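Student: Would you mind keeping the following structure in view while I ask a few things?
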Amino acid sequence: MSNPARPRLIVFDVNETLLDLSTLTPLFTRLFGQGVVLREWFPELILYAQALTLSGRYVPFGELAAGTLRMVGANHDVAITDDDIAELKSLISAMPAYPDVGPALAKLQSAGFTLVTLTNSAPSPSPTPLEKAGIDHFFDRNFSIADLQVYKPHPRTYDMVAQAYGAAPQDMYMIACHLWDIIGAQAFGCRGGFLARPHNNTLPVAGLPQPDFIAQDLGNLADQIIESDSAA
């Protein structure tokens, strides 16, 4: 039986974990003639977000996303216009939820977990991306690193959530399809659930702790967490 007095907090990454990043592919196909450049742009965006934090600097995620697209464009000799940037931002704000998200969130909520999000994206006015995707009602709170001006996986980002709920790190689960996010959360003391979305995999390196839970479907990941929590 789970202990009802113990915080039961699940923290979700948003972009690509809950919301389908692949819906940006047509923009990259139009700009570069090949949609796969999306998978060049997004890792570069994350790389430079983390580089800024390590360097003690901060640029809002939306501005960094736009600048990274211009940089990738320059690498491919493609001029990125202001209209292209506007389209990118519009598409990002309207990404749909993956089909497995709603049922899995409902299952976790029914099991008594408190669900929150923690994203590198800045807060946005209503309707928010989560509202547009129809899943905002599952979450008790939505946290943004913009309040700290450091990007995940900095430990302060996870601590922000822990402090808000008075939760010990070991009573928090971090769910993400990005292994770097899981590595950061586990280093902070959380349990990590890795969701193997397309183009995201675990890292088989000796001595690197692996996620506590691994699944290709959020429903399966939810089942693993519920079973583990019930046995605690």
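The values are calculated or read from the model by the stated rules, or taken from the named source; none is laboratory data. Note that this is a predicted model, so its numbers are computed, not measured. Here the Cβ is made from the backbone with ideal geometry for all residues, glycine too, and neighbour counts use every protein chain on show. Just the protein is used for accessible areas: all its heavy atoms, side chains included, with ligands, DNA and RNA removed. Shrake-Rupley method; radii C 1.70, N 1.55, O 1.52, S 1.80 Å.
Student: So residue 34 clears everything in (1) of a type in the set (S, T, N, Q); (2) over 20 Å from the mean Cα position of the chain (by Cα); (3) open to solvent by less than 30 Å² (accessible area, probe 1.4 Å) except one condition, right? Which one?
Tutor: Residue 34 satisfies all of (1) of a type in the set (S, T, N, Q); (2) over 20 Å from the mean Cα position of the chain (by Cα); (3) open to solvent by less than 30 Å² (accessible area, probe 1.4 Å) except (3).
Student: Can residue 86 be described as small (Gly, Ala, Ser), modelled with pLDDT of 95 or more and not in a helix (DSSP H, G or I)?
Tutor: Details: small (Gly, Ala, Ser): yes; modelled with pLDDT of 95 or more: yes; not in a helix (DSSP H, G or I): no.
So residue 86 does not fit the description; no.
Student: Taking region 171-191 as the search range and keeping residues that are farther than 25 Å from residue 45 by Cα and among the charged types (D, E, K, R), which one is surrounded by the fewest Cβ atoms within 10 Å (Cβ to Cβ)?
Tutor: 171
Student: Further, regarding this structure: All but one of (1) open to solvent by less than 40 Å² (accessible area, probe 1.4 Å); (2) closer than 25 Å to residue 149 by Cα hold for residue 57, so report the exception by its number.
Tutor: The number of the failed condition is (1).
Student: Out of 167, 215, I need the residue that is without any contact (Cβ under 8 Å) to a residue 24 or more places away in the chain and within 24 Å of residue 110 (Cβ to Cβ). Which one? Give the steps one after another, and end with the answer.
Tutor: Values: 167 fails: without any contact (Cβ under 8 Å) to a residue 24 or more places away in the chain.
Just one listed residue meets the conditions, 215.
Student: Does region 150-158 include one or more residues that are closer than 18 Å to residue 21 by Cα, free of Cβ contacts under 8 Å to residues at least 24 places away in the same chain, surrounded by fewer than 20 Cβ atoms within 10 Å (Cβ to Cβ) and not aromatic (Phe, Trp, Tyr)?
Tutor: No, region 150-158 contains no residue that is closer than 18 Å to residue 21 by Cα, free of Cβ contacts under 8 Å to residues at least 24 places away in the same chain, surrounded by fewer than 20 Cβ atoms within 10 Å (Cβ to Cβ) and not aromatic (Phe, Trp, Tyr).
Student: Give 213, 194 a once-over and let me know the one that is on the phi < 0 side of the Ramachandran plot, surrounded by fewer than 22 Cβ atoms within 10 Å (Cβ to Cβ) and not acidic (Asp, Glu). Write out each step before concluding.
Tutor: On the way: 194 fails: surrounded by fewer than 22 Cβ atoms within 10 Å (Cβ to Cβ).
Exactly one residue qualifies, and that residue is 213.
Student: May I ask you to list the residues in region 13-67 that are of a type outside the set (A, V, I, L, M), under 27 Å from residue 131 (Cβ atoms) and not in a helix (DSSP H, G or I)?
Tutor: Residues satisfying the conditions are 13, 15, 16, 17, 20, 58, 60.
Student: When the residues of region 216-231 are filtered to those that are open to solvent by less than 70 Å² (accessible area, probe 1.4 Å) and aliphatic (A, V, I, L, M), which remaining residue is farthest from residue 170 (Cα to Cα)?
Tutor: Filtering region 216-231 for residues that are open to solvent by less than 70 Å² (accessible area, probe 1.4 Å) and aliphatic (A, V, I, L, M), the one farthest from residue 170 (Cα to Cα) comes out as 218.
Student: Going through 100, 147, 140 one at a time, which residue ends up being over 26 Å from residue 30 (Cβ atoms), open to solvent by less than 80 Å² (accessible area, probe 1.4 Å) and of a type in the set (Asp, Glu)? Break it down stepwise before answering.
Tutor: Numbers: 147 fails: open to solvent by less than 80 Å² (accessible area, probe 1.4 Å); 140 fails: open to solvent by less than 80 Å² (accessible area, probe 1.4 Å).
Matching residue, one of 100, 147, 140: 100.
Student: Further question: Looking at (1) touching a helix residue (DSSP H, G or I) at 6+ places or on another chain (Cβ under 7 Å); (2) buried (at least 20 other Cβ atoms within 10 Å of the Cβ); (3) more than 26 Å from residue 89 (Cβ to Cβ), which is the only condition residue 121 fails?
Tutor: Status for residue 121: all satisfied but (3).
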